[in-house]
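Q: Just passing along the structure, written as structure tokens.
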Ligand code: NDP
């Protein structure tokens, strides 16, 4: 759909013509640009200095070969990516995703989103993202270690504690970060904060593991309270059962909600008595098994094959925490028909543009991932601070800072939406608030010839 501003539309059309195969990236750019018309209209410098045209092109894109040896002694090859998108406000920062569908389009969409998300955290971090089409699922520990070491052997040439600081994402948790950090240290003979999400014995931050899921609920709580609502006594559906989903379950429950459904890419479980996050942790983090195994612990629960059906489960609050484009128009209509209060995104870009339209026009509360899942990267920023200071803060200290940051992000999004004539539109507010900070820094730093 054409964007309602000639300059923004021409930047988008150029991009779409140049990268027609990058569907996810174009979707993410379109979503941001279509909310920026009032900002670009209000300040001619953005067009004069072609700020948007510069923002949609990464500063650097690194593609590399990742050879590794499997348990049968066979040499395998995967593709590695790091997109260093924008360093106007700080070192590049953003996770690494290991999953078989990873390609340049997905990494660019995630890197582009990360620019605005990181700006919203109030911390000095630029935007970047990386990963590989290697899938840790079904691989042995030894295979994962050898892959991570090979990946880092190349990646370390491009990163550093003041240059680019990767973290985890889908398929990259504490185990993978540990193997990559070990290899970085071996190769460089330095012990520095070059990755976040590290183990607690070697520079990790307390509460980083919980941060994205907890932060999502702090954000949703602030947003609901501003609208006279809360988690108290509400039923909650959480998609996924990985890092974000598990701790979203824990915090939503602590805030008085009841999580009745969760999923993985095979199917979903429903437990009307409330899903205990500790059981999910045991299944996913210790046993690395499928969500179906939940029935071994709670035989009264129900398992349904196919993950897309989870949106049919009637609830008050929906927290998508699995992957991109997991809620399409039809699922959004079901959520509205279920009488929900709101959809708060834990994963990146889980709602398609059509789904967002359905959710917003039905009057539900809606928060985009770049605002409501920013707690993960914010706490990574806190991990970087602790590494630089050679200190470690207590769980409560980090958690309190995280809560404060999420409340500030909500307030900043709401204020930006109000200021640019879109009161209550948190999607527009998030894009505008993030954009303004990065754009001001880019203007101040001039154009490099
Ligand atoms: P994990 O790998 O820990 O968990 C991902 C979960 O989503 C798994 O349960 C996985 O199921 C499920 N899943 C993945 N792909 C699909 C799919 N195509 N359909 C259905 N389910 C799927 O990842 P995270 O929890 O770290 O990340 C989840 C989302 O949150 C991603 O969008 C990520 O970008 C975003 N995010 C993560 C942050 C973090 O700190 N970790 C920070 C901000 C955003 P299965 O086990 O079957 O693969």
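Q: Which one of these is surrounded by fewer than 23 Cβ atoms within 10 Å (Cβ to Cβ) and under 27 Å from residue 406 (Cβ atoms): 239, 235, 263?
A: Details: 239 fails: surrounded by fewer than 23 Cβ atoms within 10 Å (Cβ to Cβ); 263 fails: surrounded by fewer than 23 Cβ atoms within 10 Å (Cβ to Cβ).
235 is the lone residue from the list that is surrounded by fewer than 23 Cβ atoms within 10 Å (Cβ to Cβ) and under 27 Å from residue 406 (Cβ atoms).
Q: In this structure, is residue 347 in a loop (DSSP other than H, G, I, E, B) and under 26 Å from residue 170 (Cβ atoms)?
A: Values: in a loop (DSSP other than H, G, I, E, B): yes; under 26 Å from residue 170 (Cβ atoms): yes.
So residue 347 fits the description; yes.
Q: Another one. Hey, can you tell me all the residues within segment 353-366 that are in contact with a strand residue (DSSP E or B) (Cβ under 7 Å, 6 or more places away or on another chain) and either touching a residue at least 40 places away in the same chain (Cβ under 8 Å) or within 16 Å of the ligand (Cβ to nearest atom) (or both)? Quick ask: steps written out before the conclusion?
A: In the first step, residues of segment 353-366 are kept if they are in contact with a strand residue (DSSP E or B) (Cβ under 7 Å, 6 or more places away or on another chain); the result is 355-356, 359-360, 364-366.
The answer is 355, 356, 360, 365, 366.
Q: Checking the conditions here, which among 348, 373, 387 is at pLDDT 95 or above and more than 19 Å from residue 217 (Cβ to Cβ)? Spell out the reasoning first.
A: On the way: 348 fails: more than 19 Å from residue 217 (Cβ to Cβ); 373 fails: more than 19 Å from residue 217 (Cβ to Cβ).
Among 348, 373, 387, only 387 is at pLDDT 95 or above and more than 19 Å from residue 217 (Cβ to Cβ).
Q: Further question on the same structure: Restricting attention to segment 120-139, which residues are in contact with a strand residue (DSSP E or B) (Cβ under 8 Å, 6 or more places away or on another chain), over 28 Å from residue 70 (Cα atoms) and outside any loop (DSSP other than H, G, I, E, B)? Walk me through how you get there before you give the answer.
A: Start the filter on segment 120-139 by keeping residues that are in contact with a strand residue (DSSP E or B) (Cβ under 8 Å, 6 or more places away or on another chain), which leaves 125-136.
The next check asks that each one be over 28 Å from residue 70 (Cα atoms); those that pass are 125-128.
Hits for segment 120-139 are 126, 127, 128.
Q: Return yes when residue 378 is in a helix (DSSP H, G or I) and touching a helix residue (DSSP H, G or I) at 6+ places or on another chain (Cβ under 8 Å) and no when it is not. Working first, answer last.
A: Values: in a helix (DSSP H, G or I): yes; touching a helix residue (DSSP H, G or I) at 6+ places or on another chain (Cβ under 8 Å): yes.
Spelling it out, residue 378 is indeed in a helix (DSSP H, G or I) and touching a helix residue (DSSP H, G or I) at 6+ places or on another chain (Cβ under 8 Å).
Q: Name, by its number, the condition in (1) part of a loop (DSSP other than H, G, I, E, B); (2) modelled with pLDDT under 95 that does not hold for residue 284.
A: With (1) part of a loop (DSSP other than H, G, I, E, B); (2) modelled with pLDDT under 95 applied to residue 284, the lone miss is (1).
Q: Further question on the same structure: Which residues, taken from segment 201-230, are more than 20 Å from the chain's Cα centre (by Cα) and either in contact (Cβ under 8 Å) with a residue 12 or more places away in the chain or within 13 Å of the ligand (Cβ to nearest atom) (or both)? Outline the logic, then answer.
A: Keep residues of segment 201-230 that are more than 20 Å from the chain's Cα centre (by Cα), which gives 201-203, 224-230.
Result: 202, 203, 224, 226, 227, 229, 230.
Q: If I filter segment 239-248 for residues that are within 19 Å of the chain's Cα centre (by Cα) and away from the ligand (no atom under 16 Å from the Cβ), do I get at least one hit?
A: Step one: of segment 239-248, the residues within 19 Å of the chain's Cα centre (by Cα) are 239-248.
Those still in the list that are away from the ligand (no atom under 16 Å from the Cβ) too: none.
Looking through segment 239-248, none of the residues is within 19 Å of the chain's Cα centre (by Cα) and away from the ligand (no atom under 16 Å from the Cβ).
Q: Take segment 252-294 and flag every residue that is more than 14 Å from the ligand (Cβ to nearest atom) and within 20 Å of the chain's Cα centre (by Cα).
A: Residue satisfying the conditions is 252 alone.
Q: Okay, next question. Within segment 148-199, work out how many residues are within 16 Å of the ligand (Cβ to nearest atom) and part of a loop (DSSP other than H, G, I, E, B).
A: Summing the residues that are within 16 Å of the ligand (Cβ to nearest atom) and part of a loop (DSSP other than H, G, I, E, B) in segment 148-199 gives 9.
Q: I've got another one for you. With the condition being touching a strand residue (DSSP E or B) at 6+ places or on another chain (Cβ under 9 Å) and loosely packed, with under 14 Cβ neighbours inside 10 Å, I'd like the strands (runs of 3 or more DSSP E) fully within segment 11-107 carrying at least 1 qualifying residues.
A: On the way: elements: 60-69, 75-86, 92-98.
Per the criteria, 60-69, 75-86.
Q: Output the residue which, of all residues in segment 108-138 that are surrounded by fewer than 24 Cβ atoms within 10 Å (Cβ to Cβ) and more than 13 Å from the ligand (Cβ to nearest atom), is farthest from residue 416 (Cα to Cα). Steps first, answer last, please.
A: At the first step, the residues of segment 108-138 found to be surrounded by fewer than 24 Cβ atoms within 10 Å (Cβ to Cβ) are 122-124, 133, 135-138.
The next check asks that each one be more than 13 Å from the ligand (Cβ to nearest atom); those that pass are 122-124, 133.
Details: 122: 14, 123: 18, 124: 19, 133: 37 Å.
This residue is 133.
Q: If you don't mind, another one. Restricted to segment 331-348, and to residues that are more than 13 Å from the chain's Cα centre (by Cα) and within 16 Å of the ligand (Cβ to nearest atom), which residue is surrounded by the most Cβ atoms within 10 Å (Cβ to Cβ)? Step through it out loud before you land on a result.
A: Let us first name the residues in segment 331-348 that are more than 13 Å from the chain's Cα centre (by Cα), namely 331-343.
Filter once more, keeping what is within 16 Å of the ligand (Cβ to nearest atom): 331, 343.
On the way: 331: 23, 343: 29.
The extreme case among them is 343.
Q: Before we move on, is residue 421 over 17 Å from residue 114 (Cβ atoms), more than 16 Å from the ligand (Cβ to nearest atom), touching a helix residue (DSSP H, G or I) at 6+ places or on another chain (Cβ under 8 Å) and assigned to a loop (DSSP other than H, G, I, E, B)?
A: Working: over 17 Å from residue 114 (Cβ atoms): yes; more than 16 Å from the ligand (Cβ to nearest atom): yes; touching a helix residue (DSSP H, G or I) at 6+ places or on another chain (Cβ under 8 Å): yes; assigned to a loop (DSSP other than H, G, I, E, B): yes.
For residue 421, the condition - over 17 Å from residue 114 (Cβ atoms), more than 16 Å from the ligand (Cβ to nearest atom), touching a helix residue (DSSP H, G or I) at 6+ places or on another chain (Cβ under 8 Å) and assigned to a loop (DSSP other than H, G, I, E, B) - is met.
Q: Sticking with this structure for a sec: Taking segment 295-322, which residues are within 12 Å of the ligand (Cβ to nearest atom) and surrounded by 15 or more Cβ atoms within 10 Å (Cβ to Cβ)? Spell out the reasoning first.
A: So the first thing to find is which residues in segment 295-322 are within 12 Å of the ligand (Cβ to nearest atom), and the list is 306-311, 319-322.
Residues satisfying the conditions are 307, 308, 309, 310, 311, 319, 320, 321, 322.
Q: What are the residues in segment 382-396 that are in contact (Cβ under 8 Å) with a residue 40 or more places away in the chain, away from the ligand (no atom under 12 Å from the Cβ) and assigned to a helix (DSSP H, G or I), if any?
A: Taking segment 382-396 first, the residues in contact (Cβ under 8 Å) with a residue 40 or more places away in the chain are 382-384, 386-388, 392-395.
Next, only the ones that are away from the ligand (no atom under 12 Å from the Cβ) stay: 382, 384, 386-388, 392-395.
Passing the criteria: 382, 384, 386, 387, 388, 395.
The values are calculated or read from the model by the stated rules, or taken from the named source; none is laboratory data. Source: prediction; values computed, not measured. No Cβ is skipped: glycine too gets one built from the backbone with ideal geometry, and neighbour counts run over all protein chains shown.
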